[in-house]
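Notes follow the structure.
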Amino acid sequence: MTKQTKQYLKTFLDKQRLDRRRADEQRPLEIETGLIERAEGSAKVKLGNTEVLVGVKLDVGTPFPDSPDEGVIIVNAELSPIADPEFESGPPRENAIELARVVDRGIRESKSIELGKLCIDSGEKVWMVFMDIYILNNEGNLVDAAGIATIAALLNARLPKLDKDGNIDRDAEPDGKLPVVQKPIPVTVGKINSTLLADPTEKEEEVIETKLTVTTLENGNVCAMQKSGSGTITASDLEYAFELSRKTGKEIRKKLN
Amino acid sequence: MKKPDDMKLIVKGKRLDGRKLDEIRPVKIEAGVLGRAIGSAYVEVGGTKVIAGVHGPRGVYPKYLEKQGRAILRVKYSMAPFSVNDRKRPGPDRRSVELSKMIKHALEPVIFFDEFPQLSIDLFVEVIQADAGTRAASIVAASVALADAGIPMRALVSSCAAGKIEGKIVLDLDGPEDNYGQADLPVAVIDGTEEISLLQLDGELNEKELKEAVQLAVSGCRVIHDKQKEALRRRYQ
(Lines give C-alpha, C1' and ligand atoms only; values in the text may rest on other atoms or scores of the structure.)
Protein backbone atom coordinates (compact mmCIF):
# COMPACT_ATOMS: atom_id res chain seq x y z
CA MET A 1 0.00 0.00 0.00
CA THR A 2 1.44 3.39 -0.94
CA LYS A 3 1.90 6.17 1.58
CA GLN A 4 -0.76 8.19 -0.26
CA THR A 5 -3.32 5.37 -0.05
CA LYS A 6 -2.60 5.01 3.66
CA GLN A 7 -3.06 8.75 4.21
CA TYR A 8 -6.31 8.62 2.27
CA LEU A 9 -7.68 5.64 4.21
CA LYS A 10 -6.76 7.28 7.51
CA THR A 11 -9.04 10.20 6.78
CA PHE A 12 -12.24 8.18 6.79
CA LEU A 13 -11.74 4.64 8.12
CA ASP A 14 -13.01 5.66 11.56
CA LYS A 15 -16.29 6.74 9.98
CA GLN A 16 -16.70 4.29 7.11
CA ARG A 17 -15.05 0.89 6.86
CA LEU A 18 -14.07 -0.48 3.49
CA ASP A 19 -16.38 -3.48 3.85
CA ARG A 20 -19.17 -1.29 5.29
CA ARG A 21 -19.16 -3.04 8.64
CA ARG A 22 -20.13 -1.22 11.83
CA ALA A 23 -17.18 -0.35 14.08
CA ASP A 24 -18.09 -3.14 16.53
CA GLU A 25 -19.08 -5.72 13.92
CA GLN A 26 -17.20 -8.98 13.45
CA ARG A 27 -16.83 -10.65 10.09
CA PRO A 28 -18.74 -13.91 9.55
CA LEU A 29 -17.12 -16.85 11.31
CA GLU A 30 -17.04 -20.43 10.07
CA ILE A 31 -15.48 -23.28 12.00
CA GLU A 32 -14.79 -26.70 10.55
CA THR A 33 -13.24 -29.42 12.72
CA GLY A 34 -11.66 -32.81 12.25
CA LEU A 35 -10.56 -32.21 8.68
CA ILE A 36 -7.05 -33.59 9.17
CA GLU A 37 -7.38 -37.27 10.01
CA ARG A 38 -3.70 -37.77 10.83
CA ALA A 39 -3.82 -35.09 13.51
CA GLU A 40 -5.29 -35.89 16.92
CA GLY A 41 -7.37 -32.74 16.57
CA SER A 42 -7.80 -30.11 13.89
CA ALA A 43 -9.85 -27.09 12.99
CA LYS A 44 -10.08 -24.63 10.15
CA VAL A 45 -11.46 -21.21 10.85
CA LYS A 46 -12.66 -18.68 8.32
CA LEU A 47 -13.04 -15.20 9.75
CA GLY A 48 -14.19 -13.16 6.80
CA ASN A 49 -11.57 -14.10 4.23
CA THR A 50 -8.89 -14.88 6.77
CA GLU A 51 -8.26 -18.61 6.89
CA VAL A 52 -6.34 -20.42 9.58
CA LEU A 53 -5.74 -24.12 10.05
CA VAL A 54 -4.66 -25.56 13.39
CA GLY A 55 -3.54 -29.11 13.98
CA VAL A 56 -3.08 -30.70 17.38
CA LYS A 57 -0.56 -33.51 17.72
CA LEU A 58 -0.01 -35.49 20.90
CA ASP A 59 3.21 -37.14 21.89
CA VAL A 60 4.72 -38.69 24.98
CA GLY A 61 7.62 -36.76 26.48
CA THR A 62 9.33 -35.83 29.73
CA PRO A 63 7.80 -33.17 32.00
CA PHE A 64 9.58 -30.00 33.10
CA PRO A 65 11.46 -30.53 36.39
CA ASP A 66 9.39 -27.83 38.16
CA SER A 67 6.08 -29.47 37.22
CA PRO A 68 6.70 -33.25 37.17
CA ASP A 69 2.98 -34.13 37.24
CA GLU A 70 1.83 -31.91 34.41
CA GLY A 71 1.55 -32.30 30.68
CA VAL A 72 3.33 -29.85 28.40
CA ILE A 73 1.73 -27.50 25.89
CA ILE A 74 3.54 -25.97 22.94
CA VAL A 75 2.06 -23.47 20.50
CA ASN A 76 3.83 -22.69 17.25
CA ALA A 77 2.77 -20.50 14.32
CA GLU A 78 3.89 -20.63 10.72
CA LEU A 79 3.32 -17.64 8.48
CA SER A 80 3.66 -19.53 5.24
CA PRO A 81 4.22 -17.50 2.05
CA ILE A 82 1.05 -19.01 0.58
CA ALA A 83 -0.95 -16.81 2.96
CA ASP A 84 0.45 -13.41 2.01
CA PRO A 85 3.01 -12.18 -0.54
CA GLU A 86 4.68 -10.28 2.30
CA PHE A 87 5.38 -13.45 4.29
CA GLU A 88 8.80 -14.99 3.86
CA SER A 89 9.78 -18.59 4.41
CA GLY A 90 12.29 -19.53 7.08
CA PRO A 91 12.22 -19.80 10.85
CA PRO A 92 9.46 -17.87 12.67
CA ARG A 93 10.17 -14.14 13.03
CA GLU A 94 8.73 -11.72 15.52
CA ASN A 95 5.20 -11.58 14.10
CA ALA A 96 4.86 -15.36 14.04
CA ILE A 97 6.38 -15.63 17.51
CA GLU A 98 4.08 -12.97 18.93
CA LEU A 99 1.04 -14.65 17.36
CA ALA A 100 1.97 -18.02 18.85
CA ARG A 101 2.71 -16.52 22.25
CA VAL A 102 -0.56 -14.57 22.43
CA VAL A 103 -2.54 -17.72 21.59
CA ASP A 104 -0.42 -19.74 24.03
CA ARG A 105 -1.07 -17.22 26.80
CA GLY A 106 -4.84 -17.54 26.36
CA ILE A 107 -4.72 -21.35 26.58
CA ARG A 108 -2.12 -21.50 29.36
CA GLU A 109 -3.37 -18.75 31.66
CA SER A 110 -6.99 -19.87 31.48
CA LYS A 111 -5.86 -23.38 32.48
CA SER A 112 -7.94 -24.47 29.54
CA ILE A 113 -6.28 -27.89 29.40
CA GLU A 114 -6.17 -29.81 32.67
CA LEU A 115 -2.45 -30.48 32.59
CA GLY A 116 -2.60 -32.61 35.75
CA LYS A 117 -4.65 -35.16 33.83
CA LEU A 118 -1.96 -35.46 31.18
CA CYS A 119 0.52 -37.10 33.52
CA ILE A 120 1.33 -40.70 32.58
CA ASP A 121 4.20 -41.46 34.96
CA SER A 122 5.15 -38.72 37.45
CA GLY A 123 8.47 -37.07 36.61
CA GLU A 124 9.03 -39.46 33.71
CA LYS A 125 6.28 -39.44 31.15
CA VAL A 126 3.59 -36.93 30.31
CA TRP A 127 1.49 -36.03 27.28
CA MET A 128 2.85 -33.19 25.20
CA VAL A 129 0.22 -31.19 23.34
CA PHE A 130 1.55 -29.51 20.19
CA MET A 131 -0.69 -26.88 18.64
CA ASP A 132 0.56 -25.83 15.22
CA ILE A 133 -1.02 -22.79 13.63
CA TYR A 134 -0.93 -22.59 9.84
CA ILE A 135 -2.06 -19.40 8.19
CA LEU A 136 -3.67 -20.14 4.82
CA ASN A 137 -4.91 -16.68 3.91
CA ASN A 138 -4.08 -13.44 5.65
CA GLU A 139 -6.93 -10.98 5.38
CA GLY A 140 -6.25 -9.54 8.81
CA ASN A 141 -6.78 -10.32 12.49
CA LEU A 142 -4.77 -13.52 12.56
CA VAL A 143 -4.75 -13.60 16.36
CA ASP A 144 -8.50 -14.05 16.71
CA ALA A 145 -8.76 -16.56 13.88
CA ALA A 146 -5.80 -18.54 15.23
CA GLY A 147 -7.05 -18.41 18.83
CA ILE A 148 -10.50 -19.66 17.84
CA ALA A 149 -9.05 -22.37 15.59
CA THR A 150 -6.73 -23.52 18.38
CA ILE A 151 -9.46 -23.95 20.97
CA ALA A 152 -11.70 -25.61 18.34
CA ALA A 153 -8.89 -28.04 17.48
CA LEU A 154 -8.28 -28.80 21.17
CA LEU A 155 -11.98 -29.54 21.68
CA ASN A 156 -11.78 -31.81 18.67
CA ALA A 157 -8.67 -33.65 19.87
CA ARG A 158 -8.64 -37.26 21.07
CA LEU A 159 -6.00 -38.86 23.27
CA PRO A 160 -4.34 -41.74 21.44
CA LYS A 161 -4.15 -45.14 23.14
CA LEU A 162 -0.96 -46.28 24.82
CA ASP A 163 -0.02 -49.93 24.39
CA LYS A 164 1.22 -52.04 27.32
CA ASP A 165 4.81 -50.83 26.79
CA GLY A 166 3.70 -47.23 26.99
CA ASN A 167 4.09 -46.49 23.29
CA ILE A 168 1.49 -44.61 21.31
CA ASP A 169 -0.76 -46.76 19.18
CA ARG A 170 -2.24 -44.30 16.72
CA ASP A 171 -4.16 -47.01 14.85
CA ALA A 172 -6.16 -48.10 17.89
CA GLU A 173 -9.44 -46.44 18.94
CA PRO A 174 -8.58 -43.22 20.82
CA ASP A 175 -8.67 -43.15 24.59
CA GLY A 176 -11.21 -40.35 24.91
CA LYS A 177 -11.12 -36.62 24.72
CA LEU A 178 -8.38 -34.23 25.69
CA PRO A 179 -9.34 -32.68 29.08
CA VAL A 180 -10.32 -29.18 27.86
CA VAL A 181 -12.30 -27.27 30.47
CA GLN A 182 -12.12 -23.62 29.41
CA LYS A 183 -12.76 -21.87 26.12
CA PRO A 184 -10.60 -18.74 26.03
CA ILE A 185 -11.56 -16.53 23.09
CA PRO A 186 -9.30 -13.70 21.92
CA VAL A 187 -11.05 -10.64 20.52
CA THR A 188 -9.03 -7.90 18.87
CA VAL A 189 -9.77 -4.25 18.15
CA GLY A 190 -7.71 -1.86 16.06
CA LYS A 191 -7.43 1.82 16.92
CA ILE A 192 -7.59 4.58 14.34
CA ASN A 193 -8.17 8.27 15.08
CA SER A 194 -9.38 7.37 18.61
CA THR A 195 -11.97 4.95 17.20
CA LEU A 196 -11.81 1.24 17.92
CA LEU A 197 -12.61 -1.13 15.05
CA ALA A 198 -13.54 -4.72 15.79
CA ASP A 199 -11.89 -7.54 13.87
CA PRO A 200 -9.66 -5.41 11.60
CA THR A 201 -8.98 -6.55 8.04
CA GLU A 202 -5.52 -6.69 6.54
CA LYS A 203 -5.98 -3.31 4.81
CA GLU A 204 -7.17 -1.76 8.06
CA GLU A 205 -4.19 -3.25 9.87
CA GLU A 206 -1.88 -1.37 7.54
CA VAL A 207 -3.22 2.00 8.71
CA ILE A 208 -4.32 1.46 12.29
CA GLU A 209 -2.14 2.82 15.07
CA THR A 210 -2.32 -0.11 17.42
CA LYS A 211 -4.27 -3.26 18.25
CA LEU A 212 -5.50 -4.63 21.53
CA THR A 213 -6.37 -8.28 22.04
CA VAL A 214 -8.44 -9.21 25.09
CA THR A 215 -8.97 -12.90 25.78
CA THR A 216 -11.97 -13.72 27.95
CA LEU A 217 -13.55 -16.81 29.49
CA GLU A 218 -17.06 -18.13 29.90
CA ASN A 219 -17.33 -16.56 33.39
CA GLY A 220 -16.67 -13.12 31.91
CA ASN A 221 -13.16 -12.82 33.33
CA VAL A 222 -10.13 -11.81 31.29
CA CYS A 223 -7.18 -14.23 31.17
CA ALA A 224 -4.78 -12.62 28.70
CA MET A 225 -4.19 -9.31 26.96
CA GLN A 226 -1.78 -7.96 24.42
CA LYS A 227 -1.40 -4.46 23.04
CA SER A 228 0.35 -4.88 19.74
CA GLY A 229 1.83 -2.21 17.51
CA SER A 230 3.07 1.28 18.23
CA GLY A 231 0.47 3.80 19.26
CA THR A 232 -1.27 4.16 22.58
CA ILE A 233 -4.53 3.28 24.28
CA THR A 234 -6.45 4.72 27.22
CA ALA A 235 -8.20 3.13 30.17
CA SER A 236 -11.55 3.74 28.47
CA ASP A 237 -10.31 2.01 25.29
CA LEU A 238 -9.49 -0.98 27.46
CA GLU A 239 -12.92 -0.89 29.07
CA TYR A 240 -14.57 -0.85 25.64
CA ALA A 241 -12.36 -3.67 24.32
CA PHE A 242 -13.07 -5.78 27.40
CA GLU A 243 -16.83 -5.34 27.06
CA LEU A 244 -16.70 -6.12 23.34
CA SER A 245 -14.53 -9.17 23.98
CA ARG A 246 -17.00 -10.55 26.53
CA LYS A 247 -19.93 -10.02 24.18
CA THR A 248 -18.19 -11.39 21.10
CA GLY A 249 -16.60 -14.25 23.02
CA LYS A 250 -20.03 -15.39 24.13
CA GLU A 251 -21.27 -15.48 20.51
CA ILE A 252 -18.19 -17.32 19.30
CA ARG A 253 -18.36 -19.88 22.10
CA LYS A 254 -21.83 -20.89 20.86
CA LYS A 255 -20.20 -22.03 17.63
CA LEU A 256 -17.70 -24.27 19.42
CA ASN A 257 -18.55 -27.75 20.53
CA MET B 1 5.17 -23.31 38.89
CA LYS B 2 3.35 -24.87 41.83
CA LYS B 3 3.44 -23.02 45.10
CA PRO B 4 4.66 -25.03 48.10
CA ASP B 5 1.62 -25.63 50.33
CA ASP B 6 3.06 -23.89 53.37
CA MET B 7 4.21 -20.83 51.44
CA LYS B 8 2.42 -17.56 52.11
CA LEU B 9 3.09 -14.54 49.93
CA ILE B 10 1.11 -12.12 52.08
CA VAL B 11 1.30 -12.18 55.88
CA LYS B 12 -0.70 -9.62 57.89
CA GLY B 13 -1.05 -7.30 54.92
CA LYS B 14 2.69 -7.33 54.23
CA ARG B 15 4.49 -9.13 51.42
CA LEU B 16 7.46 -11.48 51.86
CA ASP B 17 9.98 -8.69 51.41
CA GLY B 18 8.08 -6.45 53.85
CA ARG B 19 6.38 -4.28 51.23
CA LYS B 20 2.80 -3.06 51.42
CA LEU B 21 0.45 -4.27 48.67
CA ASP B 22 0.71 -1.02 46.71
CA GLU B 23 4.40 -0.45 47.26
CA ILE B 24 7.04 -0.56 44.55
CA ARG B 25 10.48 -2.15 45.14
CA PRO B 26 13.45 0.19 45.66
CA VAL B 27 14.24 1.87 42.35
CA LYS B 28 17.64 3.12 41.26
CA ILE B 29 18.18 4.87 37.94
CA GLU B 30 21.40 6.26 36.55
CA ALA B 31 21.82 7.95 33.16
CA GLY B 32 25.00 7.87 31.08
CA VAL B 33 26.75 4.76 32.36
CA LEU B 34 28.46 3.51 29.19
CA GLY B 35 31.43 5.14 27.46
CA ARG B 36 30.95 4.12 23.85
CA ALA B 37 27.17 4.32 23.61
CA ILE B 38 25.77 7.74 22.70
CA GLY B 39 23.10 7.26 25.35
CA SER B 40 22.78 4.77 28.18
CA ALA B 41 21.14 4.03 31.48
CA TYR B 42 21.31 1.59 34.36
CA VAL B 43 18.15 0.61 36.20
CA GLU B 44 17.57 -1.44 39.31
CA VAL B 45 14.11 -2.39 40.49
CA GLY B 46 14.60 -4.59 43.53
CA GLY B 47 16.72 -7.50 42.37
CA THR B 48 16.16 -6.78 38.68
CA LYS B 49 19.14 -5.04 37.07
CA VAL B 50 19.29 -3.88 33.46
CA ILE B 51 21.60 -1.78 31.29
CA ALA B 52 20.38 -0.05 28.15
CA GLY B 53 22.60 1.44 25.45
CA VAL B 54 21.74 3.45 22.33
CA HIS B 55 23.71 3.73 19.10
CA GLY B 56 22.82 6.08 16.28
CA PRO B 57 20.92 7.56 14.60
CA ARG B 58 23.06 5.79 12.04
CA GLY B 59 22.84 4.14 8.63
CA VAL B 60 20.59 1.11 8.36
CA TYR B 61 22.05 -2.26 7.41
CA PRO B 62 20.55 -4.27 5.78
CA LYS B 63 19.56 -1.40 3.49
CA TYR B 64 16.04 -2.67 2.71
CA LEU B 65 14.93 -1.90 6.27
CA GLU B 66 15.50 1.79 5.60
CA LYS B 67 12.38 4.01 5.69
CA GLN B 68 11.93 6.96 3.39
CA GLY B 69 11.44 10.23 5.25
CA ARG B 70 11.80 8.82 8.76
CA ALA B 71 14.03 6.90 11.10
CA ILE B 72 13.35 3.43 12.49
CA LEU B 73 13.84 2.09 16.00
CA ARG B 74 15.42 -1.31 16.46
CA VAL B 75 15.33 -2.96 19.85
CA LYS B 76 17.13 -6.01 21.13
CA TYR B 77 16.30 -7.26 24.59
CA SER B 78 18.48 -10.01 25.91
CA MET B 79 19.10 -11.81 29.16
CA ALA B 80 22.59 -12.67 30.32
CA PRO B 81 23.18 -16.41 30.92
CA PHE B 82 24.01 -15.69 34.57
CA SER B 83 20.97 -13.48 35.19
CA VAL B 84 18.78 -16.36 36.38
CA ASN B 85 19.11 -19.36 38.70
CA ASP B 86 19.44 -21.99 35.97
CA ARG B 87 21.87 -20.70 33.35
CA LYS B 88 20.00 -19.34 30.35
CA ARG B 89 21.31 -20.39 26.97
CA PRO B 90 22.70 -17.26 25.33
CA GLY B 91 21.10 -15.87 22.20
CA PRO B 92 17.55 -14.94 21.29
CA ASP B 93 14.65 -17.19 22.23
CA ARG B 94 10.94 -16.75 21.53
CA ARG B 95 10.35 -14.80 24.71
CA SER B 96 13.10 -12.27 24.06
CA VAL B 97 11.97 -11.79 20.46
CA GLU B 98 8.46 -10.98 21.66
CA LEU B 99 9.68 -8.70 24.45
CA SER B 100 11.96 -6.80 22.05
CA LYS B 101 8.91 -6.12 19.92
CA MET B 102 6.81 -5.05 22.91
CA ILE B 103 9.53 -2.69 24.18
CA LYS B 104 9.87 -1.18 20.73
CA HIS B 105 6.14 -0.56 20.47
CA ALA B 106 6.07 0.94 23.96
CA LEU B 107 8.72 3.53 23.02
CA GLU B 108 7.78 4.36 19.43
CA PRO B 109 4.86 6.69 20.25
CA VAL B 110 7.18 9.29 21.87
CA ILE B 111 10.02 9.45 19.34
CA PHE B 112 10.11 12.10 16.59
CA PHE B 113 11.19 9.77 13.79
CA ASP B 114 10.85 12.45 11.09
CA GLU B 115 14.01 14.14 12.36
CA PHE B 116 16.31 11.45 10.98
CA PRO B 117 15.17 10.22 7.56
CA GLN B 118 16.53 6.83 6.52
CA LEU B 119 18.50 6.30 9.72
CA SER B 120 18.17 3.79 12.52
CA ILE B 121 18.15 4.26 16.27
CA ASP B 122 19.51 1.02 17.70
CA LEU B 123 18.66 0.18 21.27
CA PHE B 124 20.15 -2.71 23.19
CA VAL B 125 18.89 -3.80 26.59
CA GLU B 126 20.86 -6.32 28.60
CA VAL B 127 19.27 -7.89 31.65
CA ILE B 128 22.15 -8.71 33.96
CA GLN B 129 19.97 -9.96 36.78
CA ALA B 130 16.34 -10.99 36.55
CA ASP B 131 13.94 -10.88 39.47
CA ALA B 132 10.62 -10.33 37.67
CA GLY B 133 9.55 -7.18 35.87
CA THR B 134 12.43 -7.20 33.41
CA ARG B 135 10.39 -5.80 30.53
CA ALA B 136 9.22 -2.89 32.67
CA ALA B 137 12.77 -2.19 33.88
CA SER B 138 13.96 -2.44 30.27
CA ILE B 139 11.48 0.19 29.10
CA VAL B 140 12.44 2.47 31.99
CA ALA B 141 16.14 2.13 31.17
CA ALA B 142 15.58 2.40 27.42
CA SER B 143 13.61 5.58 27.72
CA VAL B 144 16.29 7.25 29.88
CA ALA B 145 19.02 6.01 27.52
CA LEU B 146 17.20 7.50 24.51
CA ALA B 147 16.87 10.83 26.33
CA ASP B 148 20.55 10.64 27.33
CA ALA B 149 21.38 10.08 23.65
CA GLY B 150 19.56 13.30 22.80
CA ILE B 151 16.98 11.57 20.62
CA PRO B 152 14.09 14.03 20.21
CA MET B 153 11.11 12.66 22.16
CA ARG B 154 7.88 14.20 23.30
CA ALA B 155 8.07 12.54 26.73
CA LEU B 156 9.59 9.75 28.77
CA VAL B 157 7.98 6.31 28.88
CA SER B 158 7.65 4.74 32.32
CA SER B 159 6.71 1.19 33.09
CA CYS B 160 5.64 -0.94 36.02
CA ALA B 161 3.63 -4.11 36.52
CA ALA B 162 0.71 -4.89 38.76
CA GLY B 163 -0.36 -8.42 39.54
CA LYS B 164 -2.52 -10.71 41.61
CA ILE B 165 -1.18 -12.84 44.41
CA GLU B 166 -3.29 -14.83 46.85
CA GLY B 167 -6.39 -13.05 45.57
CA LYS B 168 -5.02 -9.55 46.16
CA ILE B 169 -4.03 -6.96 43.56
CA VAL B 170 -0.47 -5.80 44.24
CA LEU B 171 2.08 -3.50 42.65
CA ASP B 172 5.39 -4.60 41.11
CA LEU B 173 5.73 -8.38 41.54
CA ASP B 174 9.10 -9.73 42.60
CA GLY B 175 10.51 -13.14 41.61
CA PRO B 176 8.61 -15.44 44.00
CA GLU B 177 5.39 -13.46 43.52
CA ASP B 178 5.73 -13.76 39.76
CA ASN B 179 6.39 -17.51 39.99
CA TYR B 180 3.59 -18.31 42.38
CA GLY B 181 1.17 -15.49 41.62
CA GLN B 182 -2.11 -15.63 39.73
CA ALA B 183 -1.70 -12.77 37.26
CA ASP B 184 0.89 -10.35 35.91
CA LEU B 185 -0.04 -7.13 34.12
CA PRO B 186 2.87 -5.05 32.82
CA VAL B 187 1.93 -1.52 31.78
CA ALA B 188 3.86 1.41 30.29
CA VAL B 189 2.55 4.96 30.19
CA ILE B 190 3.72 8.13 28.50
CA ASP B 191 4.81 11.14 30.54
CA GLY B 192 3.21 9.88 33.76
CA THR B 193 -0.26 10.33 32.20
CA GLU B 194 -2.79 7.63 31.44
CA GLU B 195 -1.76 7.16 27.84
CA ILE B 196 -0.83 3.48 27.74
CA SER B 197 1.84 2.24 25.33
CA LEU B 198 2.41 -1.25 26.75
CA LEU B 199 -0.31 -3.51 28.05
CA GLN B 200 -0.10 -7.25 28.50
CA LEU B 201 -1.76 -9.69 30.83
CA ASP B 202 -0.97 -13.23 31.90
CA GLY B 203 -3.53 -14.71 34.23
CA GLU B 204 -7.19 -14.48 35.13
CA LEU B 205 -8.80 -11.29 36.49
CA ASN B 206 -12.39 -10.19 36.84
CA GLU B 207 -13.65 -6.79 35.72
CA LYS B 208 -13.07 -5.07 39.06
CA GLU B 209 -9.62 -6.57 39.51
CA LEU B 210 -8.61 -5.57 35.99
CA LYS B 211 -9.56 -1.94 36.62
CA GLU B 212 -7.82 -1.92 39.96
CA ALA B 213 -4.67 -3.51 38.56
CA VAL B 214 -4.41 -1.09 35.62
CA GLN B 215 -4.84 1.88 37.95
CA LEU B 216 -2.28 0.54 40.38
CA ALA B 217 0.25 -0.12 37.61
CA VAL B 218 -0.29 3.40 36.26
CA SER B 219 0.35 4.82 39.74
CA GLY B 220 3.58 2.80 39.86
CA CYS B 221 4.58 4.27 36.51
CA ARG B 222 4.19 7.77 37.99
CA VAL B 223 6.63 6.96 40.80
CA ILE B 224 9.09 5.63 38.22
CA HIS B 225 8.55 8.67 35.98
CA ASP B 226 9.75 11.01 38.75
CA LYS B 227 12.84 8.87 39.29
CA GLN B 228 13.62 8.91 35.57
CA LYS B 229 13.46 12.71 35.49
CA GLU B 230 15.62 12.92 38.61
CA ALA B 231 18.24 10.67 37.02
CA LEU B 232 18.42 12.81 33.89
CA ARG B 233 18.64 15.99 35.96
CA ARG B 234 21.49 14.53 38.00
CA ARG B 235 23.34 13.66 34.81
CA TYR B 236 23.01 17.07 33.20
CA GLN B 237 23.19 19.45 36.18
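The values are calculated or read from the model by the stated rules, or taken from the named source; none is laboratory data. All figures in this text were calculated on a predicted structure; none of them were measured in a lab. Here Cβ is always computed from backbone atoms with ideal geometry, including for glycine, and neighbour counts include all displayed protein chains. For the accessible areas, the whole protein counts, side chains as well, though only heavy atoms, and no ligand, DNA or RNA atoms are used. Shrake-Rupley method; radii C 1.70, N 1.55, O 1.52, S 1.80 Å.
Work out the FRET efficiency for B:Glu166 and A:Gln7 from their Cβ-Cβ distance, taking R0 = 51 Å, and round it to the nearest 0.05. Calculated value: 0.50. Using R₀ = 45 Å, calculate the FRET efficiency as 1/(1 + (r/R₀)^6) where r is the Cβ-Cβ separation of A:Glu239 and A:Asp121; round to 0.05. The formula returns an efficiency of 0.45 here. Note that chain B presents 45 Å² accessible area per residue, ligands and nucleic acids not counted, probe 1.4 Å. May I ask what percent, to the nearest 5, of DSSP beta bridges between residues of chain A are antiparallel? Antiparallel bridges make up about 85 percent of those DSSP assigns within chain A. Dipole of the range A:3-256 computed with +1 at Lys/Arg Cβ and -1 at Asp/Glu Cβ about the Cα centre; of A:Ala77, A:Ala235, A:Thr188, farthest Cα towards the positive end is A:Ala235.
Close amide H pairs (under 5 Å, H built 1.01 Å from N) link B:Leu173 with B:Ala161, residues at least 5 positions away or on another chain.
The label point for A:Glu114 and the one for B:Lys229, both projected 7 Å from the Cα toward the Cβ, are 5.4 nm apart. Summed over both chains, the area buried between B and A is near 2900 Å², taken from the accessible surface of protein heavy atoms with a 1.4 Å probe.
For A:Asn95, what is the net charge nearby, where nearby means another residue's Cβ is under 14 Å from its Cβ and Lys, Arg count +1, Asp, Glu -1?
Once positives and negatives cancel, what remains is -4.
Counting only protein heavy atoms and a 1.4 Å probe, the range A:3-256 has 45 square angstrom of accessible area per residue. Note on the range B:124-190: Kirkwood radius taken over Cα pairs, Stokes-Einstein applied at 20 °C and 1.002 mPa s, translational D equal to 166 µm² s⁻¹. Take each residue of peptide B:125-134, count the partner chain Cβ atoms within 10 Å of its Cβ, and average: the result is 0.
Considering only A:Phe12, A:Val54, A:Thr33, and ranking their Cα positions along the charge dipole of the range A:3-256 that arises from unit charges at the beta-carbon of Lys, Arg, Asp and Glu, the one farthest toward the positive end is A:Phe12.
The simple spin-label model puts a point 7 Å past each Cα toward its Cβ; for B:Val84 and A:Asn49 those points are separated by 4.2 nm. What the phi angles of the range B:181-192 give under the Karplus curve with 6.51, -1.76 and 1.60, with θ = phi - 60°, is a coupling list of x, 9, 7, 9, 10, x, 9, 10, 10, 9, 6, x Hz, glycine and proline written as x.
Dipole orientation for the range A:3-256: of the candidates A:Leu99, A:Val207, A:Cys223, A:Val207 has the Cα lying most toward the positive pole (charges on Cβ; Lys, Arg +1; Asp, Glu -1). Subtracting the Cα-Cα distance of B:Gln129 and B:Ala155 from 0.36 nm times their residue separation leaves 6.6 nm of extension gain. This model, with +1 at the C-beta of Lys and Arg and -1 at the C-beta of Asp and Glu, gives the protein assembly as shown a dipole about its Cα centre of some 1160 debye.
Normalised by the number of residues in the range A:3-256, the average gap of Cα pairs under 8 Å and 6 or more apart makes the relative contact order 21 percent.
Scalar couplings 3J(HN,Hα) for the range A:61-78, obtained by applying the Karplus form with A = 6.51, B = -1.76, C = 1.60 to θ = phi - 60°, are x, 9, x, 5, x, 7, 9, x, 9, 10, x, 10, 10, 9, 10, 9, 10, 10 Hz; x denotes Gly and Pro.
Tally up the carbon and sulfur contribution to the accessible surface of chain B as a whole percent, 1.4 Å probe, everything protein left in place.
Taking all protein chains in place, chain B shows 49 percent carbon and sulfur surface.
Does chain A come out rounded, prolate or oblate, given a ≥ b ≥ c as the square roots of the eigenvalues of its C-alpha gyration tensor, rounded meaning a/c under 1.5 and, failing that, prolate meaning a/b above b/c? Because a/c hits 1.5 or more and a/b exceeds b/c, chain A counts as prolate. Cross-link pairs exceeding 27 Å between alpha carbons, from the set A:Lys46/B:Lys104; A:Lys10/A:Lys44; A:Lys254/B:Lys164; A:Lys183/B:Lys164; B:Lys104/B:Lys211; A:Lys15/A:Lys44: A:Lys46/B:Lys104; A:Lys10/A:Lys44; A:Lys254/B:Lys164; A:Lys15/A:Lys44. Taking the average, over residues, of other Cβ atoms within 10 Å as the packing measure, peptides B:64-71, A:238-245, A:85-92 rank A:238-245, B:64-71, A:85-92 from highest down. For B:Thr48, the residues whose modelled amide H falls within less than 5 Å of its own, excluding neighbours fewer than 5 places apart on the same chain, are B:Asp131. Tell me the mean residue ellipticity at 222 nm calculated for chain A from its helices only (DSSP H runs of n ≥ 4, each -39500 (n - 2.57), averaged over every residue, nearest 500). The helix-only estimate for chain A comes to -8500 deg cm²/dmol at 222 nm. With only Cα atoms counted, the protein assembly as shown has Rg and Dmax values of 22.7, 76 Å. Interface burial in the range A:60-94 reaches 50 Å² or more for A:Asp66, A:Glu94, comparing the full protein assembly with the chain by itself; accessible area from heavy atoms with a 1.4 Å probe. Just to be sure I understand the interface: list residues from the range A:103-125 that lose 10 Å² or more of accessible area between the chain on its own and the complete protein assembly, 1.4 Å probe. Those are A:Arg105, A:Glu109, which lose 10 Å² or more relative to the chain on its own. In the range B:71-101, burial by the other protein chains removes 10 Å² or more of accessible area from B:Arg94, B:Arg95, B:Val97, B:Glu98, B:Lys101, compared with the chain on its own (1.4 Å probe, ligands and nucleic acids ignored). Around B:Ala183, which amide H atoms from residues at least 5 apart in sequence, or from another chain, sit under 5 Å from its own amide H, with H modelled in the peptide plane? When sequence neighbours closer than 5 places are left aside, the close amide H contacts are B:Lys164. Relative protection proxy for A:56-62, B:17-23, from highest mean packing down: A:56-62, B:17-23 (other beta-carbon atoms within 10 angstrom). Put a plus charge on the Cβ of each Lys and Arg, a minus charge on the Cβ of each Asp and Glu, and nothing anywhere else: the dipole of chain A about its Cα centre is then about 980 debye. Can you tell me the FRET efficiency between A:Glu218 and B:Glu66 if r is taken as the Cβ-Cβ distance and R0 is 51 Å, rounded to the nearest 0.05? It comes to 0.60. To the nearest 10, the accessible area of B:Phe82 is 150 Å² with a 1.4 Å probe. Dividing the summed helix terms, -39500 (n - 2.57) for each DSSP H run of n ≥ 4, by the number of residues in chain B produces a 222 nm estimate of -9000 deg cm²/dmol to the nearest 500.
Residues in the range A:30-38 carry Karplus couplings, in order, of 10, 10, 10, 10, x, 8, 10, 5, 5 Hz; the curve used is 6.51 cos²θ - 1.76 cosθ + 1.60 with θ = phi - 60°, and Gly or Pro positions show x.
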